[in-house]
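Asker: Submitted below is the structure of interest, expressed as structure tokens.
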Amino acid sequence: MAPEPTNEVPARSFLESILGRKFLQWSLGSKVRLWNPEFRSTAAILVLALLLLVPFLGAVGLWDPWEDHYGEVGRMMIARNDYLHPFWENSYFFSKPVFTLWMMAAGLHLGQLGPLVALVSGLLGGAAGLALYMGRIGQRSSTKEFWGVVLFAFGAMLVMVWGASLAVSVPWKFGTLTGANGALPPFTEWGFRLPFALFAILALALLTYAMSTLVSARAGLATGLILLTMPLFFLLSRQAVTDTPFMASLISGMSCTMVALLHRATRFRTQWWLAAYAFFALATLAKGLLGFGIPMVVMILYAAFVVVRWTRPSLVAHWAWIRQHLLPAMTPGIIVGVIVGVIASSIGTARGTMFMAVPVVDGRSLMSAATWLGIMWGSLAFWVTTTIGLRRREKLLTEPPPGLFGLAYEMRLGVGILLFLVLALPWYYEMFTFWRVDDESKLFWFRFIIYDHFARLASGVHTTTPGGDFTYFILQGGYAAFPWVVLLPGAVVTFAKTKLGSGATTTDRVTLFASLWLALTFTLIGLSATKFHHYVFPMLPPLAIAMGIFVDRLWEEGLSAHAMELVIGLPFFILVGKDIAEHPKVFTDLFVYNYDRPFPQKEVIEHFGVERILANGMVLMGTLAVAFAALRSKVGVFSTWMAGTLAFAFWFNWSLWVDLSHHWTQREQFWRYFSDRRPGEPIAAFLMNWRGETFYSRNTVKQIREGNTNLEMAQYAALPGRKWALVEHNRLNVLRGVIGSEKTVTLIDRDLNNKFVLVTIE
């Protein structure tokens with residue numbers, strides 16, 4: 001085949017094509033080029049992610065209702081000094097596991113210390129990073145230089161946050177998290193969200209490193225950049241919600257798994273596997289069964305496709321190994337398990353355990369709590385004993401075990417599951433034995449496992465958009481992945497060309513791993529009766545992997561070799577872009593709870609000309625890319641797309657997100673209340689259940705939302721002196737009618753928020 005004609009000077013890399021050889025020969029550039037390629041790409045994504053995700057984290061209040069809701073549970077952990085049993089308002093909270101709440105509690109402590117932590121940490125981190133890079137610490141190496149750049153970038157970012165905080169017009173009155181007076185500290189939101197953003201950045205870095213190591217540095221950089229600039233990823237990475245640590249843990253664990261499984265030259269295979277199990281434990285503590293269910297099923301499917309040879313000799317070899325090694329190791333495991341189970345059940349009966357207690361129906365229960373306790377401890381004892389037995393027999397093996405069991409040994413499966421249980425089991429065990437109930441009179445295990453897992457999947461829970469057909473997540477995936485939808489046909493072709501046989505390369509294995517990940521999550525979430533737009537999130541990382549591999553091939557093989565994929569992808573960009581430009585509300589709908597909530601069309605979209613900015617930007621980006629493609633300039637196409645995508649992401653995160661946030665938070669209203677109130681003046685929330693009123697008042701607001709609301713509000717208004725109230729705009733006349741014409745209702749900053757308004761009653 002004749003080489004593709006081009007108007008550009010041949011270059012060895014994209015960076016060299018953009019910056020030129022002279023720039024890369026400059027002292028700093030030449031030093032960076034000495035690093036391992038995977039370090040270069042990972043460092044680039046780390047710096048870019050820090051710049052994109054960290055600024056403005058504390059510039060706006062928490063979004064209703066999820067950040068406020070979970071944030072109040074985290075604050076109550078501090079207030080009640082109880083970090084094991086989540087609590088909300090006046091009852092226990094069993095809807096979510098504890099890891100997200102621990103992150104929030106830590107972030108709230110960080111927010112109390114405010115900018116001082118940012119300044120000190122930034123200076124120390126920057127100095128340590130500079131010392132590492134300059135070789136002042138230990139023997140100089142490319143690894144130390146890489147971590148030096150990472151530390152210096154993070155330190156500089158924290159110093160920038162400190163400097164920017166001085167210019168923020170917020171009251172420098174540091175309140176407390178538990179006291180009865182005063183607003184929350186002004187840096188509460190910054191500290192609250194920072195751990196979530198940093199965890200997302202860590203996950204992005206690990207994915208970039210895995211792809212750079214297994215495929216190429218260019219594929220790793222492309223994968224990291226694509227995922228970072230997908231709207232749903234950067235929007236949820238700035239949110240303190242359960243989906244962020246769950247996905248960060250899942251991405252990190254899957255990245256470690258790919259390196260441990262496929263990087264044959266690594267000297268740290270055991271460490272990579274143990275890190276994967278640790279991340280899956282965190283995912284389980286963040287979201288529940290999906291935390292280990294998704295990676296477990298993906299690995300089982302991968303083994304079925306790649307490891308197990310479905311031939312008679314292979315199956316016979318597996319059965320022979322079971323009889324020779326597994327069954328002898330299981331025999332003492334069964335004996336020990338039964339003994340431990342009986343003892344645990346007896347102790348549970350004597351002490352009246354509540355472990356996974358089943359509600360009594362018609363005078364009897366399906367299984368007693370003591371029986372459940374015995375099963376749990378017996379199973380754990382069986383696994384430990386069997387694992388020890390296999391490890392001891394392993395030393396006697398003269399031949400490597402057949403495929404599936406060889407993979408189990410390579411995965412450090414026995415030790416890994418024990419590590420997983422050590423990290424994830426203690427808190428769940430505590431909650432499974434916890435005898436208190438939540439506000440719906442449900443025990444933890446019944447509420448969380450039965451209701452929030454299986455009922456969510458089968459019948460629908462909480463959702464405002466139940467059911468839906470198979471196109472639901474295709475539509476939302478288009479918005480969530482914009483503008484990278486142009487690469488969807490390329491990703492599909494990448495999946496389709498994956499080799500499974502003996503000729504498969506490491507890239508093929510990575511692609512297969514990603515395809516199984518994508519297929520599983522799309523099927524599982526698509527079957528769920530509970531549907532939220534953000535449920536498409538687990539599908540984005542494997543999609544980004546396929547897109548990153550396609551981008552790598554596109555650069556290596558040229559535009560002509562993949563012209564059809566690009567031509568078919570262009571209508572996706574045009575159609576999805578048209579929807580977004582005409583209806584920017586689709587962005588906030590990606591990660592909010594109630595899609596019918598008023599959107600600040602006039603206050604933000606029309607005022608700042610957002611639709612015009614989006615439309616003009618997309619037209620310019622698409623036109624330039626097509627023009628460069630017609631000239632067969634892949635440098636022009638790549639540069640245009642990267643510049644346009646980064647410009648869109650930075651504009652959205654640094655500008656539009658801030659403008660929109662003012663209409664989804666109650667922080668400013670409570671700042672005004674705490675600033676202007678006189679001693680003894682109370683505040684009430686009238687017919688509201690948006691959670692922010694609880695968090696920002698530190699659970700001191702008077703809730704008027706259930707029962708005889710008219711009488712309660714009238715009695716509240718009759719209290720002597722001035723009173724304050726928070727009410728939705730569309731219920732303001734209802735409030736006036738309830739309290740009567742003899743009281744004066746004064747609006748405070750009517751246009752500050754299109755959903756809520758603060759009023760005084762005199």
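The values are calculated or read from the model by the stated rules, or taken from the named source; none is laboratory data. Since the structure is predicted, the reported quantities are computational estimates derived from the model, not experimental observations. Because the Cβ atoms are built from the backbone with ideal geometry, glycine has one as well, and the counts that use them run over all protein chains shown. Please note that ligands, DNA and RNA were not included when accessible areas were found on the heavy atoms of the full protein model with its side chains. Shrake-Rupley method; radii C 1.70, N 1.55, O 1.52, S 1.80 Å.
Asker: Do you know which of the residues in the range 43-72 that are more than 19 Å from the chain's Cα centre (by Cα) and open to solvent by less than 20 Å² (accessible area, probe 1.4 Å) is farthest from residue 698 (Cα to Cα)?
Answerer: Checking each candidate, the answer is 43.
Asker: While we're here: Could you list, ordered by first residue, the pairs with Cβ atoms under 8 Å in which the first is in the range 277-291 and touching a residue at least 60 places away in the same chain (Cβ under 8 Å) and outside any helix (DSSP H, G or I) and the second is open to solvent by less than 20 Å² (accessible area, probe 1.4 Å) and among the charged types (D, E, K, R), at least 6 apart or interchain?
Answerer: 288/452
Asker: Among the residues of the range 499-508, are any among the charged types (D, E, K, R) and in contact (Cβ under 8 Å) with a residue 40 or more places away in the chain? Spell out the reasoning first.
Answerer: Within the range 499-508, the first condition is being among the charged types (D, E, K, R), and the residues that meet it are 499, 508.
Restricting the remaining residues to those that are in contact (Cβ under 8 Å) with a residue 40 or more places away in the chain gives none.
No; the residues of the range 499-508 include none that is among the charged types (D, E, K, R) and in contact (Cβ under 8 Å) with a residue 40 or more places away in the chain.
Asker: Follow-up question, since we're still on this one. Looking at the range 468-494 only, could you name the residues that are in contact with a Leu (Cβ under 8 Å, 6 or more places away or on another chain) and part of a loop (DSSP other than H, G, I, E, B)?
Answerer: Result: 481, single match.
Asker: Output the residues belonging to the range 486-514 that are closer than 28 Å to residue 579 by Cα and surrounded by 24 or more Cβ atoms within 10 Å (Cβ to Cβ).
Answerer: Step one: filter the range 486-514 for residues closer than 28 Å to residue 579 by Cα, giving 486-495.
Across the range 486-514, the qualifying residues are 486, 487, 491, 494.
Asker: Could you list, in sequence order, all residues of the range 695-721 that are open to solvent by 20 Å² or more (accessible area, probe 1.4 Å) and in contact (Cβ under 8 Å) with a residue 12 or more places away in the chain?
Answerer: As a first pass, look at the range 695-721 and keep what is open to solvent by 20 Å² or more (accessible area, probe 1.4 Å): 699-700, 702-703, 705-712, 714-715, 718-721.
Once the filter is applied, which keeps residues that are open to solvent by 20 Å² or more (accessible area, probe 1.4 Å) and in contact (Cβ under 8 Å) with a residue 12 or more places away in the chain, the range 695-721 yields 699, 700, 702, 703, 705, 709, 710, 714, 719, 721.
Asker: So, one more: Which count do you get for residues in the range 227-244 that are part of a helix (DSSP H, G or I) and open to solvent by less than 10 Å² (accessible area, probe 1.4 Å)?
Answerer: Of the range 227-244, the ones part of a helix (DSSP H, G or I) are 227-228, 231-237, 243-244.
Next cut, open to solvent by less than 10 Å² (accessible area, probe 1.4 Å) only: 227-228, 231-237, 244.
Residues flagged as part of a helix (DSSP H, G or I) and open to solvent by less than 10 Å² (accessible area, probe 1.4 Å) within the range 227-244 amount to 10.
Asker: Does the range 707-719 include one or more residues that are in a loop (DSSP other than H, G, I, E, B), under 16 Å from residue 89 (Cα atoms), modelled with pLDDT under 90 and not polar (S, T, N, Q)? Break it down stepwise before answering.
Answerer: The initial filter retains those residues of the range 707-719 that are in a loop (DSSP other than H, G, I, E, B), namely 707-708, 718-719.
If we keep only those that are under 16 Å from residue 89 (Cα atoms) too, we end up with none.
Taking every residue of the range 707-719 in turn, none turns out to be in a loop (DSSP other than H, G, I, E, B), under 16 Å from residue 89 (Cα atoms), modelled with pLDDT under 90 and not polar (S, T, N, Q).
This table checks each residue for (1) touching a strand residue (DSSP E or B) at 6+ places or on another chain (Cβ under 9 Å); (2) closer than 27 Å to residue 372 by Cβ; (3) open to solvent by 50 Å² or more (accessible area, probe 1.4 Å).
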{"residue": "307", "(1), (2), (3)": "no, no, no"}
{"residue": "312", "(1), (2), (3)": "no, no, yes"}
{"residue": "331", "(1), (2), (3)": "no, yes, yes"}
{"residue": "338", "(1), (2), (3)": "no, yes, yes"}
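Asker: Name every residue in the range 585-623 that is assigned to a loop (DSSP other than H, G, I, E, B), loosely packed, with under 13 Cβ neighbours inside 10 Å and among the charged types (D, E, K, R), in order of residue number.
Answerer: Across the range 585-623, the qualifying residue is only 596.
Asker: So, one more: Hey, can you tell me all the residues within the range 722-743 that are in a loop (DSSP other than H, G, I, E, B) and at pLDDT 90 or above? Lay out the reasoning, then the answer.
Answerer: If we filter the range 722-743 for residues that are in a loop (DSSP other than H, G, I, E, B), which is where we start, we get 722, 740-743.
Hit for the range 722-743 is 722, nothing else.
Asker: Further, regarding this structure: Taking the condition part of a helix (DSSP H, G or I) and surrounded by 15 or more Cβ atoms within 10 Å (Cβ to Cβ), does residue 654 pass? Lay out the reasoning, then the answer.
Answerer: On the way: part of a helix (DSSP H, G or I): yes; surrounded by 15 or more Cβ atoms within 10 Å (Cβ to Cβ): no.
In short, no.
Asker: Moving on. Of (1) among the basic types (Lys, Arg); (2) within 30 Å of residue 370 (Cβ to Cβ); (3) at pLDDT 85 or above, residue 447 satisfies all except one. Which?
Answerer: The one condition residue 447 does not meet is (3).
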